[in-house]
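Structure record follows, encoded as structure tokens.
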Amino acid sequence: LDDNAQPVYYQRTENAKPPGLLGYDFKVQPKGTLTYFDRQQGKHIELNDRYEVINTWKPKNDFREDHHDLQLLPGGRNFLLAFDERVMNLSCVARGGKRDAKVLGIVVQEQNDRQEGVWEWNGWDHFKLADSSHTVLTDTLVDYVHGNSIVLDTDGNIIISSRNLDEVTKIDYRTGKILWRLGGQQNQFTFVNDP
């Protein structure tokens, strides 16, 4: 939409088979291009100012695509979320847990403009299943982190938001260590006069 709320560009998606495959995470990127996630193709699509496809983005290292966030920054620093899916026996973790549950972990990847992986952070090394605030551990598919967003902080470190952890996490870009955890089971902050 323009500043007067008039359509500048649109793409109908109701004919997508099945419905709902296009248009996830549609936004203007910090470097000025447009992107959205195409679920059918399993990748983020990048458009120029004429709405032509100029690039596609997907995770490296055999990780599964996640439609929630892609950040294309000026200078060729590009961040995306991915899933690291593992089959786990959750019967010893939760009553009724499946012996062959598929559990989705979070991966943050940085790629350069040639889509080469230059940095990666895997949540399996930092988050525990018990950190999840409200995930049903008896399901066949367990998304215990559910990352929603990434941002490169002004100090060069990474901040992610994870819905199923009820947490915002700051990650040291240089070491990969968690700098702080806000909210959720591992909250490190005190909220004064907050019921």
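The values are calculated or read from the model by the stated rules, or taken from the named source; none is laboratory data. Just so we're clear, the structure is a prediction, and the values are computed from it rather than from any experiment. Cβ placement follows ideal geometry from the backbone for every residue including glycine, while neighbour counts extend to all protein chains displayed. Surface areas here come from the heavy atoms of the whole protein model, side chains and all, with no ligands, DNA or RNA. Shrake-Rupley method; radii C 1.70, N 1.55, O 1.52, S 1.80 Å.
Heavy atoms only, 1.4 Å probe, whole protein assembly: order Val93, Val87 by accessible area, highest first. Mind dumping the intermediate values first?
On the way: Val93 75, Val87 105 Å².
Heavy-atom accessible area, descending, gives Val87, Val93.
Report in % the part of the accessible area of the chain that belongs to carbon and sulfur, leaving out ligands and nucleic acids; probe 1.4 Å.
Numbers: 5270 of 11150 Å².
Answer for the chain: carbon and sulfur cover 47 percent of the accessible area.
Express the accessible area of segment 68-195 per residue in Å², computed with a 1.4 Å probe while the remaining protein chains stay in the model. Kindly include the intermediate steps, with their values, before the conclusion.
Details: 6590 Å² over 128 residues.
Per residue, segment 68-195 has an accessible area of 51 Å².
Quick check on segment 94-195: what does the Kirkwood estimate of hydrodynamic radius come out to from the alpha carbon pairs, in Å? Each step should come with its number before you reach the end.
Values: mean 1/r = 0.0671 Å⁻¹.
Here the Kirkwood hydrodynamic radius works out to 14.9 Å.
Given contacts defined as C-alpha pairs under 8 Å and at least six residues apart, what's the relative contact order of the chain, whole-number percent? Could the numbers behind the result be given before it?
On the way: 398 pairs, mean separation 21.8, N = 195.
Contact order relative to length: 11 percent.
Tell me the label-point distance for the pair Val118, Phe189, using the 7 Å Cα-to-Cβ offset, in nm and rounded to one decimal.
Each label point is offset 7 Å from its Cα along the Cβ direction, giving 2.9 nm.
If you average the C-alpha positions of segment 34-107 and of segment 123-165 separately, how far apart do those two centres end up, in angstrom?
Measuring centre to centre over Cα atoms gives 13 Å.
Which order do you get for Leu34, Leu47, Leu1 if you rank them by accessible area with a 1.4 Å probe, largest at the top?
Details: Leu34 25, Leu47 5, Leu1 150 Å².
The most accessible residue leads, giving Leu1, Leu34, Leu47.
Can you run the Rg to Rh ratio on the chain? Use alpha carbon positions and the Kirkwood inverse-distance Rh.
Values: Rg = 18.3 Å, Rh = 18.3 Å.
Across the chain, the Cα-based Rg/Rh ratio is 1.00.
In segment 37-80, which residues have a backbone nitrogen under 18 Å from the label point lying 7 Å from Tyr173's Cα in the Cα-to-Cβ direction?
Only 70-80 pass the distance filter.
In segment 86-142, with Lys and Arg counted as +1 and Asp and Glu as -1 at Cβ, which of these residues, Phe127, Thr138, Leu104, has the Cα nearest the positive end of the dipole, that is, farthest along it?
Thr138
What is the antiparallel percent of DSSP beta bridges lying wholly in the chain, to the nearest 5? It would help to have the intermediate numbers written out before the result.
Working: 48 of 51 bridges.
If we restrict to bridges inside the chain, about 95 percent are antiparallel.
State to the nearest 20 debye the size of the charge dipole of the chain about its Cα centre, where the only charges are +1 on K and R beta carbons and -1 on D and E beta carbons. Can you show the working numbers first?
Details: 23 positive and 29 negative charges, 110 e Å.
In debye, rounded to 20, the chain gives about 540.
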